[in-house]
Structures are given as C-alpha cells and as structure tokens.
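K.L.:
Below you'll find the structure I mean.
The values are calculated or read from the model by the stated rules, or taken from the named source; none is laboratory data. This one's a predicted model, so the numbers in the text were calculated from it and none came from an experiment. A quick note on method: Cβ atoms are made from the backbone with ideal geometry, for glycine too, and the neighbour counts reach across all protein chains shown. Calculation scope for accessible area: heavy atoms of the full protein, side chains included, ligands and nucleic acids excluded. Shrake-Rupley method; radii C 1.70, N 1.55, O 1.52, S 1.80 Å.
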Amino acid sequence: MKFISTHHDAKPVDFKEALMHGLAPDGGLYIPEKFPPIDHHLLKNLAEASIFELGDKIMGNFLPEIPAHSLNAMIHHTLSFPIPLHPLEKDVFLLEVFHGPTLSFKDVGARFMSQALSYYLQQQNKQLIIMVATSGDTGSAIANAFHNTPNIHVYVLYPSKKITLLQEQQMTTLGNNIHALEVEGTFDDCQKLVKQALLDKDIRAHHDLTTANSINIARLLPQMIYHSWGICQLQRNHSLSDPVLVVPSGNLGNLTAAIYAKAIGFPIHHFLAATNVNSVFPRYVNSGKFTPEPSKQSLSNAMDVGNPSNFARVLAFYHNSHQKLTQAVKSISISDDETLTEIRRVYDTTGYIMDPHTAVGMAASKNARDGNPIIITATAHPAKFPEVIKKALGFDIELPERLAATLHKPKLSTKIPADFEGLKNILLRTAVSH
Ligand SMILES: *Cc1c(COP(=O)(O)O)cnc(C)c1O
C-alpha cells in the first residue's frame, strides 16, 4: 500500500515515510493510492462487530506492513474510551467521540499517531522531537497522546495569555517528555518558531525533528473507525441503516475520514459538512469557487479555519470534479446566533447539553431531514466550553473530574520571547541523541 501526493509530483511512499514527514516534498498532502474494500463478511454482519474488529480490518487493509498483533495493540490503546451513539430525537443520533483524555475527537488521531511513531522508532532505536504550535485544542490532544511515549520528546508552543486556563493546564501539567513553552506572542509567532526550528541546520544536526499537525495521514486514517462504529451501533441498537453523516467541520479532516469510510464500503447515504461563519467550504460546494480567506473568530473556535487544509484531499477524492463532489457532499454555514439558539432548543426539549461545535452540526442537520437517519459527529465535550454554555443556558456546567483535577496541578512551563534564539538554545540543550 502506497501513499501518493495530492500534487502528483512526488514519489509514492509507504506509510512509515508519510507518517514521519507529514507533508510530501512537492508540498502536497499524502492520500492512499487506493481504497481497499472492507471484508464482505464483516459488512454483512456489521451489527455483530466490535469497534476493535472494525479497527483491525480497516487499518489492516491500509497498513499491511504492520504485523496484525502490533496493529491490534495500537488500536486497543488508541480506543481506550467509549464512543457511544446517543439517540437524541426521532432518527437523529449523536456519535460522542469526546470521551477521550482531552475531551475532543482529536484524541483518536493523536493517540494513533503516537502509537505508530513509537512503533517505528523503537524498531530503529531512534529518538524524535515533535514540535507543535497550538491555539488550544490540538496541543492538549498531542501532549496527552505522547505523554510518556518512549523515544519521543514533545515541545508545545502556545501563545501566552491567549488560551483558556483549562487548555493551558491540560498541556502544562504533564511533565516528563512533554515540554510546554509559553511564547510571549501570538499563535502565528508560535507557528513561525516551529517552522524555523524544523528548518534550522544546527538543530537538525543534533536531533530528528517533525511536527504533529492535522495534515498527517496517521491522524486521519483511524478516524474512519469511529464513523463506521456509528453505523454499526445504528444497525445493532436501532435497526436503521444508510445514514446521512453530519460533520462539524474546520480543516475537513473529520469529513475526509467519513468519505474514506464510505469509499471502503460502509453504507452512508451522503455527507453534510457543517461550518460556522467561516464558510469557505459551503461557498465552494454551492458555487464551485474556492476562495480561502483569513479566519474569523466564532463560538466554535476549533473550526475557525479560513483555508481548510484537507480541502485538497476532498477534491482529489472526487477527481477534482465539483459535480461529483456535490452529488455526495452538501455543506452549510451556521452563525453564532443560530449556534446559541440550537444549544438552548436542544436543552429545553431534551435536557441534553451540547458543545458549540456539535450544535453547529445539529443546527445544520435540519436541512438533511429527508427520511434517512442522521448521525451527527459530536466532536467535543460541552465542559470544554463553559463560557459558551453559560451564555446559551445561563448556568455553569460541571467539569468532569479528570478536568477539574488538572486545574489544581502545578503548571510546568517555560516562558520564552517570540524570537528564535531562545527556542534554539532550549532545543540544543535537550539531551536527546540520534
Ligand atoms: C478540530 C475540531 C473540529 C474540526 O475538525 P476538522 O477535522 O478540522 O474539520 C470540530 N470540532 C472540534 C471540537 C474540534 O476540536
């Protein structure tokens, strides 16, 4: 199984190389060269499958070079929390992918990536430094996923005073191989520092370095597992099939994984990508024109994306055909006001408290009610967004115990100015060797 670049100007590589490098040398994103159909017997007996069987079969087809027992162990470790399908309204279901350690679906991709990297590093007895710039959620998912992973040191760069206390505590209280750097600057400064470090030849002479951003194919592939697990639970518990998948979207990674799940055989009627006010993708779907723009701030801030990085993958899947894409994918933009109204409506009618990202999907799903069952990916736990919940519902949401505990742990971070020399000194002092 090879992975090819969306720019078609780089040689096909195996999974290990796509994992290690993230981006193809021609600047494109790696995509699977083919979509191996899922085992016929498994599909026929979907209602009997466990999430681990789905994981073994799906990932085994894409990563045949990893021995089955090793892959099975990685999948068990990745999916060590429940991903229930919650029936909310008639024919409307929420796939809660937010019961992982940092309470967002990003835990799944981050945990699988850490497993895969340490699998290859252990074989080579190599050490690796991972750099991440974060405006909040990605950093905590990566930090948690790589905590205590042998052979790996993680440097998380976050902008001082520009993230929530909860987000900061989730990244800075882990210690050991997780190094939090509080940058006196903006998120853009953090990103610039990471890029500089990745290119610096003095640092490269001492360390192997990579980044763990969301374009890595190792974060995308395991996301097929929960989409198919949702369909499986729909059949088993509700005797329904062929759902519409509503996906709250920013960089379109979650949507891409859903499209891939259908490509390998899982029965999905169509897709609805729900965005907030950042409406580049719905505008493309509805007009055929793709015009990236600076991101706008919204209440569902993990989807504040003005130039969705996985757009190239979505387009490549449909052979650059707007017509083919729109036969399978619909898209709609939801405002902050609509998001708040939807959180309120759902709470008043069902008692369910929904995070703002999921609420964007829920509000959009009104346009998908055409007789098919609907599964909305619930991407984050509402307790991660107490300010929004308070604004919508007028009360404070209770923190899950795990989160409350992090709030009281000592913060372990190093403050650095937003210039490269400080970061360089820290990296050169790190006692990691090839
Ligand atoms: C990252 C994120 C999204 C957007 O997912 P993409 O794969 O970037 O489209 C949606 N909701 C939450 C809570 C997120 O953290």
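K.L.:
Within the set of pairs 6+ apart or on separate chains, which have a first residue in the range 299-328 that is without any contact (Cβ under 8 Å) to a residue 24 or more places away in the chain, a second that is open to solvent by 50 Å² or more (accessible area, probe 1.4 Å) and not in a loop (DSSP other than H, G, I, E, B), and C-beta atoms under 6 Å apart?
P.N.:
Listed by first residue and then by second, the contacts come to Tyr318/Lys324.
K.L.:
Quick check on the range 54-61. Is at least one of its residues open to solvent by 50 Å² or more (accessible area, probe 1.4 Å), among the acidic types (Asp, Glu), in contact with a Leu (Cβ under 8 Å, 6 or more places away or on another chain) and not in a strand (DSSP E or B)?
P.N.:
Quick first cut of the range 54-61, residues open to solvent by 50 Å² or more (accessible area, probe 1.4 Å) only: 56-57, 61.
Checking which are among the acidic types (Asp, Glu) leaves us with 56.
Narrowing the set further to residues that are in contact with a Leu (Cβ under 8 Å, 6 or more places away or on another chain) leaves 56.
Filter once more, keeping what is not in a strand (DSSP E or B): 56.
Yes, the conditions are met somewhere in the range 54-61.
K.L.:
Return the residue satisfying two criteria in turn: it lies in the range 135-157 and is outside any helix (DSSP H, G or I) and hydroxyl-bearing (Ser, Thr, Tyr), and of such residues it is nearest to the ligand (Cβ to nearest atom).
P.N.:
We begin by selecting, within the range 135-157, every residue outside any helix (DSSP H, G or I); these are 135-136, 147-157.
Keeping just the survivors that are hydroxyl-bearing (Ser, Thr, Tyr) gives 135, 149, 155.
Details: Ser135: 11, Thr149: 21, Tyr155: 21 Å.
Per the stated criteria, the residue is Ser135.
K.L.:
Which ones in the range 97-106 are within 10 Å of the ligand (Cβ to nearest atom) and within 19 Å of Asn72 (Cα to Cα)?
P.N.:
Scanning the range 97-106 gives no hits.
K.L.:
Within 16 Å of the ligand (Cβ to nearest atom), under 22 Å from Val92 (Cα atoms), out of contact with any Phe, Trp or Tyr (no Cβ under 8 Å at 6 or more places or on another chain) and not in a helix (DSSP H, G or I), is that true of Ile332?
P.N.:
For Ile332, the condition - within 16 Å of the ligand (Cβ to nearest atom), under 22 Å from Val92 (Cα atoms), out of contact with any Phe, Trp or Tyr (no Cβ under 8 Å at 6 or more places or on another chain) and not in a helix (DSSP H, G or I) - is met.
K.L.:
So, one more: Restricting to the range 19-47, what's the tally of residues that are under 27 Å from Leu198 (Cβ atoms), of a type in the set (D, E, K, R) and within 23 Å of the chain's Cα centre (by Cα)?
P.N.:
1
K.L.:
Looking at the range 11-29, which of its residues are open to solvent by less than 40 Å² (accessible area, probe 1.4 Å), touching a residue at least 24 places away in the same chain (Cβ under 8 Å) and in a strand (DSSP E or B)?
P.N.:
Leu29
K.L.:
Can you pull out every residue in the range 304-315 that is outside any loop (DSSP other than H, G, I, E, B) and open to solvent by less than 10 Å² (accessible area, probe 1.4 Å)?
P.N.:
Arg313, Val314
K.L.:
Go through the range 168-275 and tell me which helices (runs of 4 or more DSSP H), entirely inside it, have 1 or more residues that are within 27 Å of Glu33 (Cβ to Cβ).
P.N.:
187-199, 217-220, 223-238, 253-263
K.L.:
Another question, then. Test of understanding: among Pro159, Pro150, which residue is free of Cβ contacts under 8 Å to residues at least 40 places away in the same chain and either in contact with a Phe, Trp or Tyr (Cβ under 9 Å, 6 or more places away or on another chain) or more than 21 Å from Ile426 (Cα to Cα) (or both)?
P.N.:
Being free of Cβ contacts under 8 Å to residues at least 40 places away in the same chain and either in contact with a Phe, Trp or Tyr (Cβ under 9 Å, 6 or more places away or on another chain) or more than 21 Å from Ile426 (Cα to Cα) (or both) holds for just one of Pro159, Pro150, which is Pro159.
K.L.:
Considering only the range 360-384, state which residues are of a type in the set (A, V, I, L, M, F, W, C) and in contact with a strand residue (DSSP E or B) (Cβ under 8 Å, 6 or more places away or on another chain).
P.N.:
Val360, Met362, Ala363, Ala364, Ala368, Ile374, Ile375, Ile376, Ala378, Ala380
K.L.:
Quick check: anything in the range 257-265 open to solvent by less than 10 Å² (accessible area, probe 1.4 Å) and within 11 Å of the ligand (Cβ to nearest atom)?
P.N.:
Checked the range 257-265: at least one residue is open to solvent by less than 10 Å² (accessible area, probe 1.4 Å) and within 11 Å of the ligand (Cβ to nearest atom).
K.L.:
Taking into account only those residues within the range 107-134 that are touching a strand residue (DSSP E or B) at 6+ places or on another chain (Cβ under 9 Å) and in a helix (DSSP H, G or I), which is nearest to the ligand (Cβ to nearest atom)?
P.N.:
Here the residue is Ser114.
K.L.:
Let me ask something else. Output the residue which, of all residues in the range 185-222 that are polar (S, T, N, Q) and within 30 Å of Pro64 (Cβ to Cβ), is most open to solvent (accessible area, probe 1.4 Å).
P.N.:
Out of the qualifying residues, it is Asn213.
Residue by residue, here is whether (1) touching a helix residue (DSSP H, G or I) at 6+ places or on another chain (Cβ under 8 Å); (2) at pLDDT 95 or above; (3) open to solvent by 70 Å² or more (accessible area, probe 1.4 Å) holds:
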residue: Lys324; (1), (2), (3): no, yes, yes
residue: Glu342; (1), (2), (3): yes, yes, no
residue: Asp348; (1), (2), (3): no, yes, yes
residue: Arg369; (1), (2), (3): no, no, yes
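K.L.:
Does Lys424 qualify as being in contact with a helix residue (DSSP H, G or I) (Cβ under 9 Å, 6 or more places away or on another chain) and exposed (fewer than 14 other Cβ atoms within 10 Å of the Cβ)?
P.N.:
Answer is no for this residue.
K.L.:
If you go through the range 161-181 one residue at a time, how many are of a type in the set (Ser, Thr, Tyr) and open to solvent by 10 Å² or more (accessible area, probe 1.4 Å)?
P.N.:
Going through the range 161-181 one residue at a time, the tally reaches 2.
K.L.:
Is there a residue in the range 231-252 that is more than 12 Å from the ligand (Cβ to nearest atom), free of Cβ contacts under 8 Å to residues at least 24 places away in the same chain and either within 16 Å of Ala302 (Cβ to Cβ) or open to solvent by 10 Å² or more (accessible area, probe 1.4 Å) (or both)?
P.N.:
yes
K.L.:
Can you name the residue in the range 372-422 that is of a type in the set (Asp, Glu) and assigned to a helix (DSSP H, G or I) and is also nearest to Ala274 (Cα to Cα) among such residues?
P.N.:
Here the residue is Glu387.
K.L.:
Could I ask something else about it? Quick one: is Ile374 more than 14 Å from the ligand (Cβ to nearest atom) and farther than 21 Å from Asp137 by Cα? Give the derivation first.
P.N.:
Details: more than 14 Å from the ligand (Cβ to nearest atom): yes; farther than 21 Å from Asp137 by Cα: yes.
Yes, satisfied.
K.L.:
Which is of a type in the set (Ser, Thr, Tyr), closer than 23 Å to Glu33 by Cβ and in contact with a helix residue (DSSP H, G or I) (Cβ under 9 Å, 6 or more places away or on another chain), of Ser309, Ser300?
P.N.:
Ser309
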